[in-house]
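> Mind looking over this structure? Questions follow.
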Amino acid sequence: MESESFYGVTLSEKEPIAQFDVPEIPEEYIVHSHKLIIKQISLGPEAKSGEFNVVQAETNVNDDGEKKTVKIPIAVLKVGETRSLRPNVEFPNGSVTFKLVQGTGPVYVCGKAEMNLGEYDDGQMYEEYSDDEDDSELEAEDDCSPQTNGKSNKKK
């Protein structure tokens with residue numbers, strides 16, 4: 001089962017930090033994949049002229065089995081130069097913190113969260129499928145002769 005949802009936050013001088021966390025999933029589901037995709041970052045119309053607005057993303061990554069925190073600017077916006085970006089940046093399987101590290105904003109960050117859920121993991125599905133087949137059904141299929149164009153090959 002796949003699920004998509006809109007994600008949007010406003011970063012400003014009053015609220016310069018926004019956190020995206022992976023949503024709570026019921027126990028009977030297995031998350032096969034989850035990612036946040038940022039599609040657009042825009043500067044609000046009331047932004048100050050000449051001011052740079054820098055949006056930073058902070059997330060955890062695995063580097064040789066060790067968890068590290070990465071902080072990197074994903075947008076630099078300025079009235080009269082760049083008011084909107086379409087970065088199409090993906091953050092797979094984890095939380096992300098967006099921070100307005102320079103400027104007063106407002107800066108709008110929007111995108112979508114995608115989740116691929118299943119009731120079982122792949123290993124469990126394979127085991128259950130192979131257990132459901134009965135050997136007697138397989139033996140019965142071996143006794144039947146193959147058909148061609150809907151007709152039996154047996155001679156009358």
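The values are calculated or read from the model by the stated rules, or taken from the named source; none is laboratory data. Predicted model, so just to flag it, every value in this text is computed and none were measured. Backbone-built Cβ (ideal geometry, glycine too); neighbour counts: all protein chains shown. Remember, those area values only see protein heavy atoms, side chains included, never the ligands or the DNA or RNA. Shrake-Rupley method; radii C 1.70, N 1.55, O 1.52, S 1.80 Å.
> So, Gly111, is that one in a strand (DSSP E or B), surrounded by 14 or more Cβ atoms within 10 Å (Cβ to Cβ), in contact (Cβ under 8 Å) with a residue 24 or more places away in the chain and small (Gly, Ala, Ser) or not?
On the way: in a strand (DSSP E or B): yes; surrounded by 14 or more Cβ atoms within 10 Å (Cβ to Cβ): yes; in contact (Cβ under 8 Å) with a residue 24 or more places away in the chain: yes; small (Gly, Ala, Ser): yes.
It is true that Gly111 is in a strand (DSSP E or B), surrounded by 14 or more Cβ atoms within 10 Å (Cβ to Cβ), in contact (Cβ under 8 Å) with a residue 24 or more places away in the chain and small (Gly, Ala, Ser).
> Given the structure, is Gln56 modelled with pLDDT of 85 or more and over 18 Å from the mean Cα position of the chain (by Cα)? Spell out how you get there, then give the answer.
Values: modelled with pLDDT of 85 or more: yes; over 18 Å from the mean Cα position of the chain (by Cα): yes.
Against the criterion (modelled with pLDDT of 85 or more and over 18 Å from the mean Cα position of the chain (by Cα)), Gln56 qualifies.
> Could you list, in sequence order, all residues of the stretch 15-47 that are touching a Ser or Thr at 6+ places or on another chain (Cβ under 9 Å), open to solvent by 40 Å² or more (accessible area, probe 1.4 Å) and at pLDDT below 95?
Answer for the stretch 15-47, where residues must be touching a Ser or Thr at 6+ places or on another chain (Cβ under 9 Å), open to solvent by 40 Å² or more (accessible area, probe 1.4 Å) and at pLDDT below 95: Gln19, Asp21, Val22, Pro23.
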